[in-house]
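What follows is a single structure, written as structure tokens, with notes after it.
Each reported figure results from applying straightforward, stated rules to the coordinates on display, with no laboratory input. In this text the structure is predicted, and so the values were computed from the model without any measurement. Reconstructed Cβ throughout: ideal geometry from the backbone, glycine too, with neighbour counts over all protein chains shown.
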Amino acid sequence: MNDHVDPTSEAGRVPQPEMVPVLDVGLTVAEGGVEYPTAVIDAGAHPDVADLARVHAQEGMGDLRTEAMCVPFEDGHVFLLGVWMTSPVHAAFALAFSLPSHTEFLQHVIAAGNLLIATSDPGRAAEDKPAWLAIDLDPASLLRSMPDTSE
């Protein structure tokens, strides 16, 4: 039996990604001192993206893939990180990072191989204990997508 879902079928259709700007970046320090690169987004306008953290906490990550690309923009670049999930739910969104301001942060993401996406106010995290979305990333793929700054 083939478990592959045809992405052109209604059951396999993944929505077009919503563009979600990154409001802030930093490191979340977990118990034991482990640091996780964290991107803060405004999920208020993107309830489907905000709900992914709950789904991830209750049902696990499921089938997720990411893809990155960098686009020249004004005096820098926009680094887009696309995230597509096909199980346990269908969802798609793209995080928009501004370069060069987020370059050092993205280097932390590449080194860690993961990203924590904060969908609520990090200042209240210790009190509220929210579920945030954690994704693993391919560092080599991210590195290939970064702009060449050797010029």
The set of residues whose placed amide H lies less than 5 Å from the amide H of LEU27, leaving out same-chain residues fewer than 5 positions away, is THR38
Hey, any idea what the orientation-averaged projected area of the convex hull of the range 66-121's Cα atoms comes to, in nm²?
4.9 nm²
The range 98-113 - phi-based ³J(HN,Hα) in whole Hz, Karplus 6.51/-1.76/1.60, Gly and Pro as x
9, 10, x, 4, 9, 4, 4, 4, 5, 5, 5, 4, 4, 5, 7, x
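Could you give the size of the charge dipole of the range 15-126 about its Cα centre, using +1 on the Cβ of each K and R and -1 on the Cβ of each D and E, expressed in debye and rounded to the nearest 20? The partial results should precede the final answer.
Numbers: 3 positive and 14 negative charges, 34 e Å.
It comes to approximately 160 debye.
Let me know the shape class of the range 25-88, please: from the alpha-carbon gyration tensor, a ≥ b ≥ c as square roots of the eigenvalues, rounded when a/c is under 1.5, otherwise prolate if a/b is greater than b/c, or oblate.
Details: a/c = 1.85, a/b = 1.26, b/c = 1.47.
Oblate, since a/c reaches 1.5 and b/c is not below a/b.
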Considering the dipole of the range 49-121 built from charges on the beta carbon (Lys and Arg +1, Asp and Glu -1) around the Cα centre, which of GLN107, GLY62, ALA92 is farthest to its positive end?
GLY62
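Rank the residues THR86, THR119 as a footprinting-exposure proxy: fewest other Cβ atoms within 10 Å of their Cβ go first.
On the way: THR86 18, THR119 23.
Final ranking by Cβ density, sparse to dense: THR86, THR119.
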For a footprinting-style exposure proxy, rank TRP84, TRP132 by other Cβ within 10 Å, fewest first.
TRP84, TRP132
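Can you sort VAL55, VAL34 so the residue with the fewest Cβ neighbours within 10 Å comes first?
Numbers: VAL55 18, VAL34 10.
By the 10 Å Cβ count, ascending, the order reads VAL34, VAL55.
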